[in-house]
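The values are calculated or read from the model by the stated rules, or taken from the named source; none is laboratory data. None of these values were measured; they are calculated from a predicted model. FYI the Cβ positions are ideal-geometry reconstructions off the backbone, even for glycines, and counts take in every protein chain you see. The area values use the complete protein model at the heavy-atom level, side chains included, leaving out ligands, DNA and RNA. Shrake-Rupley method; radii C 1.70, N 1.55, O 1.52, S 1.80 Å.
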Amino acid sequence: MTASPWQGRALGTRTVSWTSRDAILYALAVGAPADRLDLVYEERLRVLPTFALTLAQWAPDALGALGAFDVTSAVHGSQHLLVHRPLEPDGELTTTARVSRVWDKGAAAVFDVEVDCPYFTATWSLFAPGAGGFGGERGPGAPRRPEEPAGLTATVATHSRQAALYRLLGDRHAMHIDPGAARAAGMPRPFLHGLCTLAASLLPLADRLGAHPADLLELDARFAAPVFPGDRLDVRARHGTAGAAALFEASAGDRAVLTGGRARFAPGATAPEETPDA
């Protein structure tokens, strides 16, 4: 087997900062309602752990800028997030990134970009057409779908402005806003960021598990198909092996959009208190 010359490539470090305004904008962009004061009000704010992924978005972008793949055709294949400690409402951190693996899929390659810091470790898997065929390992395949029926269900209503709002958090790839760029990427129109779809699906999933979404400890999911702003998503989940954990998937109509999902929340996590009536 031949390793890709990109495997092991260091992508450098980046120091990023954020404020409660950024964390609140993120919560609203992924669908938190205005009455979830613990997610959208600075006096009670708990930062959603998936907000960390916006702070590390520079890393996969940096790899594309180095010429590892065609940025107009590469897509986000899957995401992993391991939470080490909660993010404060305001803060600063330094992240370090590298290309941990490159898998050879023949006509394409999958680049695993790992970003690490004391708060989290996150891995982007980027599917890059035309970058394979170098004789490397093929890598893991898609996880098998569980045979047992889903015990938990939820719906997520995306809205027409969601991609335009989410891109303000750092991922400004043109395919999410520009119809011409979306068509060049093989899509009929601009589509929602996969990480936005994923975070939006976690909000009702946490509620169904009796957990608080800010108590997320670990997350995995594959992006199987695009979501278009305005799509209604059906989230189906099965309880995991222990505690507040679940295996999940999401679809828009008959189109699977998230597969192989796995979410684990802190043991003893509790659902948020209801906002008192005015």
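Quick notes
- Cα gyration tensor shape of segment 56-158, rounded if a/c is under 1.5, else prolate or oblate by comparing a/b with b/c: oblate
- Stretchable slack from THR15 to ASP234, in nm (0.36 nm times residue separation minus alpha-carbon distance): 75.1 nm
- Surface analysis of the chain yields an accessible area of 47 Å² per residue, using protein heavy atoms and a 1.4 Å probe.
- Per-selection metrics, segment 80-122 (Cα): Rg and Dmax in Å: 13.8, 44
- Calculated mean residue ellipticity, 222 nm, the chain: -5000 deg cm²/dmol, from DSSP H runs (n ≥ 4) at -39500 (n - 2.57) each, averaged per residue and rounded to 500.
- On full extension, the segment bounded by ARG172 and PHE134 gains 10.6 nm, given 0.36 nm per residue less the C-alpha separation.
- Proportion of all alpha-carbon pairs of the chain beyond 27 Å (%): 38
- For segment 1-84: rounded, prolate or oblate by the Cα gyration tensor [a/c cutoff 1.5]: prolate
- Histogram of C-alpha separations across segment 92-238, 5 Å bin width, %: 2, 8, 13, 17, 19, 19, 16, 7, 1, 0
- Taking one quarter of the surface of the convex hull spanned by the alpha-carbon atoms of segment 141-217 gives a direction-averaged projected area of 7.4 nm².
- Most tightly packed first, judged by the mean number of other beta-carbon atoms within 10 Å of their residues, the peptides 173-186, 95-108 read 95-108, 173-186.
- Protection proxy ranking of 130-140, 162-172 - average other beta-carbon atoms within 10 Å, highest first: 162-172, 130-140
- Here the accessible area is traced with a 1.4 Å probe on the protein chains. For the chain, carbon and sulfur cover 51 percent of it.
- Multiplying the residue separation of ALA225 and GLU42 by 0.36 nm and subtracting their alpha-carbon distance yields 62.4 nm.
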